[in-house]
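Below you'll find the structure, written out as structure tokens, and then a few comments.
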Amino acid sequence: MTDEVWTIKAALEWTQGYLARKGDENPRLSAEWLLAEATGLRRVELYVNFERPLSMEERDILRGYVSRRGAGEPLQYITGEVAFRHIAVKVRPGVLIPRPETEVLVSEALSLLPPAGRRVARDSQIGAWEGDLLRAAEAAVGESGDGSAAFSQVASALEEAGGFSSEGAEASGDSGAETLFVADLCTGSGCIACSIAYERPDARVVATDISPDAVALAGENAGALGLADRVRVVECDLAAGVPEAAIGKLHLVVSNPPYVPTAVMAEIPEEVAAFEPALALEGGADGLDVFRREIEWCRQALRPGGGCAFELHETCLDEAASLARAAGFVDVRIVADLAGRPRVLTARKPEC
């Protein structure tokens, strides 16, 4: 790009041509994304502003974007945000980029939950997730006759998970429709946890990840979407950070774990291999190393009738279904993604 006046039309055509020469598979789409981000316009608005000149600041921003895209960096990392179902989440290097296939996972996970019920107000001294879990745990042990001991045990378990104040817990004596408890393992950007909480206000989600970068980003996304009181993000290995008081009471476990078989890792696109974290991708020889741990944990963590949903590699679904059935799960289903490939496994814990 020279120092002459550059209109949006000229910038769009130049960017498209440059990215095509760099091997971009969709140079026009990439050019639209980057120019829209640089100018603050929507992509459709570019086409009714063809003759509008770019400011020097916009040109400098666009140059930087185009250079990064020309080097193969994913568009989502450059723009810093991606639309996901009914929300938009921040993305950045070091954390897996949400994909359309995962929207299918969320749809299937939501279908496993009971119909939505009426919500009630709750005390401001205690977080909604903690208060609801406390209430459910108290109800489960209420028949023991030792309410104070049960209360203390639940409060301690929640304090260990972080952020719970037992002083505020006693003020939470509300009642109302059933609250749904959900665990999202390997949360990454938090797109799954935030989508479930956004679409089901009666849900409380604990989202876990072993990556500090992912935990920080998921927490930011929950906060930006106004969901921090219903989405707790915990840095841990798989389910280690799920409160003990929640075990056996979860309505849903959902996960997009590392699932690419080791041999397939060599075949993934360079744009993915060079920029996205291998920790969030590689799933062992058959892609099911993490899934095996998760499905065993689900047997204890889910309540009777509770459901689980996993996104997995297309070559792994039949074996994963067999493992789920062997673990005692029923209603085991394999669901195709938007391209018609096997992608999501769902199952339920028997009612009794």
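The values are calculated or read from the model by the stated rules, or taken from the named source; none is laboratory data. In this text, all values refer to a predicted model and were calculated from it rather than measured experimentally. Please note: Cβ atoms are built from the backbone with ideal geometry, for glycine as well, and neighbour counts cover all protein chains shown. Just the protein is used for accessible areas: all its heavy atoms, side chains included, with ligands, DNA and RNA removed. Shrake-Rupley method; radii C 1.70, N 1.55, O 1.52, S 1.80 Å.
For region 220-255, filtered to residues that are more than 15 Å from the chain's Cα centre (by Cα) and part of a helix (DSSP H, G or I), the residue that is surrounded by the fewest Cβ atoms within 10 Å (Cβ to Cβ) is Glu244. Only one of the numbered conditions (1) part of a helix (DSSP H, G or I); (2) over 29 Å from the mean Cα position of the chain (by Cα) is violated by Val5, and that is (1).
Do we find that Arg204 is at pLDDT 95 or above, surrounded by 24 or more Cβ atoms within 10 Å (Cβ to Cβ), basic (Lys, Arg) and touching a helix residue (DSSP H, G or I) at 6+ places or on another chain (Cβ under 8 Å) in this structure? So Arg204 passes the test. All of (1) touching a helix residue (DSSP H, G or I) at 6+ places or on another chain (Cβ under 7 Å); (2) within 19 Å of Ile97 (Cα to Cα); (3) among the charged types (D, E, K, R) hold for Asp213 with one exception: (1).
The set of residues in region 250-263 that are in contact with an Asp or Glu (Cβ under 9 Å, 6 or more places away or on another chain), among the hydrophobic types (A, V, I, L, M, F, W, C) and under 15 Å from Ala285 (Cβ atoms) contains only Val260.
Every residue, every condition in (1) open to solvent by less than 40 Å² (accessible area, probe 1.4 Å); (2) at pLDDT below 55; (3) in a helix (DSSP H, G or I); (4) within 26 Å of Leu41 (Cα to Cα), yes or no:
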site	(1), (2), (3), (4)
Ile78	yes, no, yes, yes
Val89	yes, no, no, yes
Leu105	yes, no, yes, no
Ala109	yes, no, yes, no
Ala137	yes, yes, yes, no
Phe151	yes, yes, yes, no
Ser156	no, yes, yes, no
Gly168	yes, yes, yes, no
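Restricting attention to region 93-102, does a residue exist that is touching a helix residue (DSSP H, G or I) at 6+ places or on another chain (Cβ under 6 Å), surrounded by fewer than 20 Cβ atoms within 10 Å (Cβ to Cβ) and modelled with pLDDT under 95? Explain how you work it out, then say what you get.
Within region 93-102, the first condition is being touching a helix residue (DSSP H, G or I) at 6+ places or on another chain (Cβ under 6 Å), and the residues that meet it are 93-98.
Now drop any that are not surrounded by fewer than 20 Cβ atoms within 10 Å (Cβ to Cβ), which leaves 93-94.
Checking which are modelled with pLDDT under 95 leaves us with 93-94.
The answer is yes, given that some residue of region 93-102 is touching a helix residue (DSSP H, G or I) at 6+ places or on another chain (Cβ under 6 Å), surrounded by fewer than 20 Cβ atoms within 10 Å (Cβ to Cβ) and modelled with pLDDT under 95.
Of all residues in region 239-261, exactly one satisfies the criterion of being touching a strand residue (DSSP E or B) at 6+ places or on another chain (Cβ under 6 Å) and charged (D, E, K, R), namely Lys249.
Residues in region 45-62 that are under 11 Å from Ala10 (Cα atoms) and in a loop (DSSP other than H, G, I, E, B): Phe50, Glu51, Arg52, Leu54. Kindly establish whether Asp213 is open to solvent by 40 Å² or more (accessible area, probe 1.4 Å) and touching a residue at least 40 places away in the same chain (Cβ under 8 Å). The answer is yes for Asp213.
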